[in-house]
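The values are calculated or read from the model by the stated rules, or taken from the named source; none is laboratory data. These numbers come from a predicted model, not from an experiment. Methodologically, a virtual Cβ is constructed for each residue, glycine included, from the backbone with ideal geometry; neighbour enumeration extends over all protein chains shown. All accessible areas refer to the heavy atoms of the entire protein, side chains included, with ligands and DNA or RNA removed. Shrake-Rupley method; radii C 1.70, N 1.55, O 1.52, S 1.80 Å.
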Amino acid sequence: MASVEECDAAFRSLADRLAGADPDKRTTLDRILACTLPDLGVTFTGHLHDGELTDITQADTDSAAKAQVTLTMSSDDLVDLVDGRMRFASAWATGKVKIDARMTDLLKLRSVF
């Protein structure tokens, strides 16, 4: 199991990757994104807008409940996804990553991962 600190670093690494992405691949979403890690009992949230993930915090229950896009996975899977050892599509297809979002948001999020 990855530590809270490793997961925080992975989530921030994802934010850095988004900030450096090709402008043509950036999503136009303006959503609060939550990443829940049940094995640690931790949720990270951030504001996804203009192709960037900002305002990253370790969230309380109320903040996580306000998210329009929620990812749920194990701490190890978050680290593996961000490090490139696991592909997002296969993790989602096998149930390692669960996504709660509107269909239109899901289609736009394809470019994020």
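In the chain, carbon and sulfur make up what percent of the accessible area (probe 1.4 Å)?
Working: 3240 of 6420 Å².
Carbon-and-sulfur percentage of accessible area, whole number: 50.
Could you sort the peptides 49-59, 34-44, 88-98 by per-residue average Cβ neighbour count (10 Å cutoff), highest mean leading? Intermediate values should be presented prior to the final figure.
Values: 49-59: 16.0, 34-44: 18.0, 88-98: 13.5.
Top of the packing list down: 34-44, 49-59, 88-98.
Could you tell me what fraction of 2.2 N^0.38 Å the Cα radius of gyration of the chain comes to, as a two-decimal ratio? Could the numbers behind the result be given before it?
Values: Rg = 12.8 Å, N = 113, 2.2 N^0.38 = 13.3 Å.
So the chain has a normalised radius of gyration of 0.96.
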